[in-house]
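Novice: Take this structure first; my questions come after.
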Amino acid sequence: MADTHKQRFEKALRREKITGHVPQFELVFFLTMEAFGRVHPSHRQYSQWNQMSAKERELHLQDMADIYIKTAQRYEHDAIFVHPNPGELDDTRRLLEIIREKTGDEYFIMMHGDTTLSIPTGDEMMEMSIKMYEDPDSLHDQQNRWMENMEKKASALAGTGLLDGFALCSDYAFNVNPFFAPELFEELVAPHLKECIDTYRRLGYYTIKHTDGNINPILDQIVACGPDALHSIDPQGHMSLTEVRKKYGDRICTIGNVNCGLLQTGTEQEAIDDVRRCLKEGMDGNYGFIFSTSNCAYTGMPLERYEMMEKIWKEEAIY
């Protein structure tokens with residue numbers, strides 16, 4: 001019997017040998033309006049959610065689940081990244097239940113669960129920069145609160161079979177360098193990242209650490225925290241899939257890393273060449289590699305470029 005999409009994805013996370021197609025997924029596929037004529041779940045405003053009847057809420061949850069499933073089916077993704085919207089636990093649980101009711105155990109299902117600091121917005125950057133040096137305890141306290149809240153949610157879902165893992169989506173770096181200097185990352189972020197990963201693992205979940213940008217100066221620390229996989233190994237951030245696999249491939253699954261910039265604004269040939277570059281670098285052995293873009297299929301990326309990428313994967317990404 002052939003493996004399910006979930007089984008293939010988990011084999012890649014465990015760095016086990018795989019035959020057939022390279023596993024693949026997309027952290028976020030925002031192009032649902034172009035692909036299906038439907039608004040992506042995370043783009044919906046639910047200001048009146050609490051005024052809706054139970055039937056209305058259920059219809060919205062059914063519709064959101066249907067979009068996630070249609071995306072996975074059309075593009076043969078092995079995993080579904082769910083954006084609970086709204087994010088209350090009961091609604092999240094019901095959304096996950098609907099996906100499982102309709103697909104069984106076919107897909108690996110994950111959602112966001114990072115409890116660590118990320119690059120602040122422009123409005124918050126000065127305040128956070130001051131805190132890093134003058135009031136680090138407040139940043140530790142903040143991350144501890146985030147972890148406490150997420151541990152409650154993760155514990156409530158543990159053992160239900162509804163959720164397989166968490167994508168840890170706090171970004172740590174710009175294209176040129178990390179926001180956190182290595183010594184500050186070691187002090188302020190790494191201990192909380194390790195606690196987050198260890199907590200989820202104890203509860204039976206896989207973890208995928210996502211961050212864009214040039215994380216080379218802090219990559220040793222990230223890998224040492226023990227995530228199952230690293231996404232997205234950003235080529236626009238001077239990250240090399242070949243080098244990451246060479247240095248860390250025996251310890252971590254690599255996910256990525258088609259250049260989103262080239263998919264959006266490069267020539268067609270540049271985009272094609274980069275897809276093939278990614279596959280060549282990731283398929284250096286038939287283990288520990290999951291194919292995806294180097295960020296996500298974001299709003300503004302031409303759908304035809306994403307579908308071109310998927311066509312090459314289907315025809316050429318075979319062990």
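The values are calculated or read from the model by the stated rules, or taken from the named source; none is laboratory data. Quick caveat, the model's predicted, so the values are computed rather than measured. Heads up, the Cβs are rebuilt from the backbone with ideal geometry, glycines too, and the neighbour counts pull from every protein chain shown. Side chains included, ligands, DNA and RNA excluded: accessible areas come from the protein's heavy atoms. Shrake-Rupley method; radii C 1.70, N 1.55, O 1.52, S 1.80 Å.
Novice: Rounded to two decimals, what ratio of Rg to Rh does segment 165-319 give with C-alpha atoms and a Kirkwood Rh?
Specialist: 0.98
Novice: Here is a follow-up. Sorted from largest down, give the three principal axis spans of the alpha carbons of segment 4-96, whole angstrom values.
Specialist: Reported extents, whole Å, longest axis first: 50, 29, 17.
Novice: Also, I was wondering about something else. Could you tally the net charge around V258, taking each other residue with its Cβ under 11 Å from the Cβ of V258, Lys/Arg +1 and Asp/Glu -1?
Specialist: So the environment of V258 carries a net charge of -3.
Novice: With a probe of 1.4 Å, find how much accessible area the chain has per residue, and write the answer as a whole number in Å².
Specialist: 44 Å²
Novice: When DSSP beta bridges are limited to those with both residues in segment 157-277, what percentage is antiparallel, rounded to the nearest 5?
Specialist: Expressed as a percentage, antiparallel bridges in segment 157-277 total about 10.
Novice: With a 1.4 Å probe and all protein chains left in place, how much of the accessible area of the chain comes from carbon and sulfur atoms, in whole percent?
Specialist: On the chain, the fraction of accessible area on carbon and sulfur atoms equals 48 percent.
Novice: Give me the net charge of A173's neighbourhood, meaning all other residues with Cβ under 9 Å from the Cβ of A173; Lys, Arg count +1, Asp, Glu -1.
Specialist: -3
Novice: Highest first, please rank the peptides 158-164, 3-9, 25-31, 307-313 by the mean number of other Cβ atoms sitting within 10 Å of their residues.
Specialist: 25-31, 3-9, 307-313, 158-164
Novice: Also, I was wondering about something else. What is the chain by shape, rounded, prolate or oblate, if you read a ≥ b ≥ c off the alpha carbon gyration tensor as root eigenvalues and call it rounded for a/c under 1.5, prolate for a/b larger than b/c, and oblate otherwise?
Specialist: It is rounded, given that a/c, with a ≥ b ≥ c, falls under 1.5.
Novice: Send over the Kirkwood Rh of segment 132-225, from the inverse of the averaged 1/r over different Cα pairs, rounded to one decimal Å.
Specialist: Evaluated on segment 132-225, it is 14.2 Å.
Novice: Under 12 Å from the Cβ of L61, count the other residues' Cβ atoms, weight Lys and Arg +1, Asp and Glu -1, and hand me the total.
Specialist: Once positives and negatives cancel, what remains is -3.
Novice: Here is a follow-up. Within the set K11/K280; K55/K311; K194/K247; K152/K314; K17/K247, which residue pairs have Cα atoms separated by over 28 Å?
Specialist: Result: K55/K311; K152/K314 exceed 28 Å.
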